[in-house]
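Colleague: Handing you this structure, nothing more for now.
The values are calculated or read from the model by the stated rules, or taken from the named source; none is laboratory data. Computed from a predicted structure; not experimentally measured. Note that we place each Cβ from the backbone using ideal geometry, even for glycine, and neighbour counts take in every protein chain shown. Remember, those area values only see protein heavy atoms, side chains included, never the ligands or the DNA or RNA. Shrake-Rupley method; radii C 1.70, N 1.55, O 1.52, S 1.80 Å.
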Amino acid sequence: MARVTTTKVVNPEGWPRPRGYANGVVGRGQTLHVAGQIAWEPDGSWVAIDFVDQFRRALQHVVAVVEAAGGEVTDLARLTIYVTDIGAYRQHHRDVGVAYRAVLGKHFPAMALVAVSDLVEPKALVEIEATAYLDPSAHP
């Protein structure tokens, strides 16, 4: 059975094409809400310590949840990224982009990046939550 496309990017006519995100995404299918993911390992240990590694690992955890629900990276419609150090993001934005593409390729959902004063887990520098729309026929 062919896989159903679950998301479609929406950008208003006349607006410049966004780089690295979409202005909006329409989704259909079963909705998956992914809780905020941080860079700790499933056993609670920390391997990813620096900002870019934590970004990559948290994003990998988001993808793991989507895949566990029977979805794919392209089912992601929205990401909200929380960072405790906006300066680190700005300083390493190119490396963050490389890490992003290594995990999600060239799939760019609607996104927001928000600087926060702290996260619940003291070692966490990045937390990422997401919404995905899953093809009902692919749901386990």
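Colleague: Please identify every one of the trypsin sites (Lys or Arg not before Pro) in region 42-132 that sits in a loop by DSSP and has no more than 12 other beta carbons within 10 Å of its own beta carbon.
Modeller: Here the sparse-neighbourhood loop sites are LYS106, LYS123.
Colleague: Let me ask something else about it. Under 15 Å from the Cβ of PRO136, count the other residues' Cβ atoms, weight Lys and Arg +1, Asp and Glu -1, and hand me the total. Please list the in-between numbers first.
Modeller: Numbers: positive: ARG3, ARG28; negative: GLU72, ASP75, ASP135.
Here the count lands on -1.
Colleague: Heavy atoms only, probe 1.4 Å: what % of the accessible area of the chain goes to carbon and sulfur, would you let me know?
Modeller: Heavy-atom surface of the chain belonging to carbon and sulfur, 1.4 Å probe: 54 percent.
Colleague: Using +1 on the beta carbon of Lys and Arg, -1 on that of Asp and Glu, and nothing else charged, what's the dipole of region 35-140 about the Cα centre, debye to 20? List each step's numbers first, then the result.
Modeller: Working: 8 positive and 14 negative charges, 83 e Å.
Dipole magnitude for region 35-140 comes out near 400 debye.
Colleague: Of the DSSP beta bridges with both residues in region 9-140, give the percent that are antiparallel, rounding to the nearest 5.
Modeller: 70 percent
Colleague: Once you list every other residue whose beta carbon is under 9 Å from the beta carbon of GLN37, what net charge do they have if Lys and Arg are +1 and Asp and Glu are -1?
Modeller: -1
Colleague: How much of THR5 can a 1.4 Å solvent probe reach, expressed as accessible area in Å² and rounded to 10?
Modeller: 90 Å²
Colleague: What does the charge add up to near VAL66, with Lys and Arg as +1, Asp and Glu as -1, over the other residues with Cβ less than 13 Å from its Cβ?
Modeller: -4
Colleague: Right, next: Pick from HIS107, HIS61, HIS93 the residue whose mean-square fluctuation is largest in a GNM of the chain, springs joining Cα atoms under 10 Å.
Modeller: Comparing HIS107, HIS61, HIS93 in the GNM, the peak value goes to HIS93.
Colleague: Can you give the FRET efficiency for HIS93 and VAL26, using 1/(1 + (r/R0)^6), R0 = 22 Å, r = Cβ-Cβ distance, to the nearest 0.05? Spell out each step's value before the answer.
Modeller: Working: r = 28 Å, r/R0 = 1.26.
Once the sixth-power term is evaluated, E becomes 0.20.
Colleague: Find, among the GluC sites (Glu not before Pro) in region 1-96, those assigned to loop by DSSP (not H, G, I, E, B) with at most 11 other beta-carbon atoms within 10 angstrom.
Modeller: Hits after loop and neighbour filter: GLU13.
Colleague: Among GLN37, ALA102, TYR82, whose Cα lies farthest out toward the positive end of the dipole of the chain, if unit charges sit on the beta carbon of Lys, Arg (+1) and Asp, Glu (-1)?
Modeller: Of the options given, the answer is ALA102.
Colleague: Taking only protein heavy atoms and a 1.4 Å probe, what accessible area per residue, in Å², does the chain have with all protein chains in place?
Modeller: For the chain, the per-residue accessible area is 58 Å².
Colleague: Over region 13-140, calculate the relative contact order: mean separation of alpha carbon pairs under 8 Å at least 6 apart, over the residue count, as a percent.
Modeller: 43 percent.
Colleague: Starting from the Kirkwood radius over alpha-carbon pairs of region 20-122, derive D by Stokes-Einstein at 25 °C in a medium of 0.890 mPa s and give it in µm² s⁻¹. Write out the running numbers ahead of the final one.
Modeller: Details: Rh = 14.4 Å.
Estimated diffusion coefficient is 171 µm²/s.
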